[in-house]
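The next block holds one structure in the form of structure tokens; read it before the comments.
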Amino acid sequence: MSNARMLPGGPVAEQILADVAERVAALKARGVEPALATILVGDDDASAGYIRIKQKQAAELGFVSPHAHLPATATQEDLHAAIKGFNDDPKVHGLLIQYPIPGHLDYEAALATMDPDMDVDGMHPLNMGRLALGMPGPLPCTPAGIEALLAFYEIPVAGRDVVILGRGATLGRPLSLLLSLKRPTANAAVTVVHTGVPDWADYTRRAEILIAAAGVPGIIQPEHVKPGAVVVGGGVRYEGRRLLPDVDESVEKVAGAITPRVGGVGPTTVAMLFRNAVAAAERATS
Ligand SMILES: NC(=O)c1ccc[n+]([C@@H]2O[C@H](COP(=O)([O-])OP(=O)(O)OC[C@H]3O[C@@H](n4cnc5c(N)ncnc54)[C@H](OP(=O)(O)O)[C@@H]3O)[C@@H](O)[C@H]2O)c1
């Protein structure tokens, strides 16, 4: 039986999106039409579906979303031209390139072509640099969502022992930077473990807050968790439509608080995308 307090992402996302909607309304009141552009390359059904969901949510929040759909045969130059088209359009404030893109294209090079201030994913190298330096800028969405989730549930982070399993560019690495920043919702003692640390469980077992960011289904088992710890499941792998989280279901028996296997970090990630988008529109028009 589980005694763990559940930490769903839904209410956190709702609060963030309510703030976004208010800020969109304030922009419109001064004649600004906030615009989040999207680029899709190829005809992957899942990616097309994700873009449709984001566009629908953007419309509900009051954004316009100009869209470029490039064929699967698009060249790197075609992709860069589409990005530059949006960069140079003063009516566009935020830009999202749906990932993954076809294998013959270089995502990093495409990202580097984007105006960093329009980067709603917060993954542009300049924005990663800003994060590392503690400078303001768009934050990577999944790490920012996890920081917001911990703050929403009033889980103290400052001064606590936080261990992150995984140092990937999307999650573990930027989250380690974020949670070690000197600010009230962070300011933690952060340790990052990975395949280079064979005895990583020695670290996770002492964590007051354990964040799974490996993308290895079931890698976190009860014996890897300190009883009563806060466990955040960020890493997931998809097998078809089936979502396989890093954190095994049985961890609920030992954790003090835990994100649910479905509806945990995902909704906060999407909400942060729109927070970055409204901030981009505010910056561009202030
Ligand atoms: N929920 C969401 O909204 C959301 C959003 C974005 C990403 N994600 C998920 O977050 C996860 C991480 O994404 P990412 O792009 O940052 O990761 P990534 O680049 O795939 O990196 C995974 C990390 O986990 C470590 N790792 C893998 N297997 C391990 C093992 N057996 N023992 C110890 N460490 C291990 C790797 O170590 P090495 O560095 O040594 O290889 C690496 O640092 C993925 O599952 C992704 O799907 C979720």
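The table for this structure:
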quantity	calculated
For segment 157-275: rounded, prolate or oblate by the Cα gyration tensor [a/c cutoff 1.5]	rounded
Longest to shortest principal axis, alpha-carbon extents of the chain, angstrom	53, 42, 35
Shape of segment 202-258, Cα gyration tensor, a/c cut at 1.5	prolate
Relative contact order (%) - criterion: Cα under 8 Å, at least six apart; region: the chain	23 percent
Computed lengthening from residue 73 to residue 285, 0.36 nm per intervening residue step minus Cα-Cα distance	72.7 nm
Extension gain from residue 202 to residue 60, taking 0.36 nm per residue of separation minus the Cα-Cα distance	46.5 nm
Cβ-based charge dipole, segment 5-105, positive-most Cα from 96, 36, 61	61
Debye log10 I(q)/I(0) for segment 1-46, one point scatterer per Cα, at q = 0.15, 0.16, 0.23, 0.26 Å⁻¹	-0.71, -0.74, -0.87, -0.93
Computed over segment 1-150: relative contact order in percent, which uses C-alpha pairs under 8 Å that are six or more apart	22 percent
Cα→Cβ-extended label distance, 7 Å offset, between residue 253 and residue 187, nm	3.8 nm
Amide H contacts of residue 70 (H built 1.01 Å from N, under 5 Å, at least 5 apart or other chain)	40, 41, 42
Peptides ranked, highest mean first, by Cβ atoms within 10 Å: ranges 134-141, 87-94	134-141, 87-94
Highest-first arrangement of 167-173, 14-20, where packing means the average Cβ count within 10 Å	167-173, 14-20
Gap separating the Cα centres of segment 1-70 and segment 153-225, nearest whole Å	27 Å
Positive-end residue of 112, 232, 4, charge dipole of the chain with Cβ unit charges	4
Reachable lysines from residue 253, criterion Cα separation under 27 angstrom, eight or more residues apart if same chain	226
Sequence-separation-based contact order of segment 161-271, relative, with Cα cut under 8 Å and 6+ spacing, percent	23 percent
Gain upon complete extension [residue 106, residue 43; 0.36 nm per residue less C-alpha separation]	21.0 nm
Choice from 193, 265, 32 with maximal GNM fluctuation in the chain (Cα, 10 Å cutoff)	32
For the chain, built as a Gaussian network whose Cα springs stay under 10 Å, the top-fluctuating residue of 29, 158, 201	29
Helix-only mean residue ellipticity at 222 nm for the chain, each DSSP H run of n ≥ 4 adding -39500 (n - 2.57), per residue, nearest 500	-12000 deg cm²/dmol
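Where a number appears in this text, it was derived from the coordinates with a stated rule and is not lab data. The shown structure was predicted, so the numbers you read here are calculated from the model rather than taken from an experiment. Here Cβ is always computed from backbone atoms with ideal geometry, including for glycine, and neighbour counts include all displayed protein chains.
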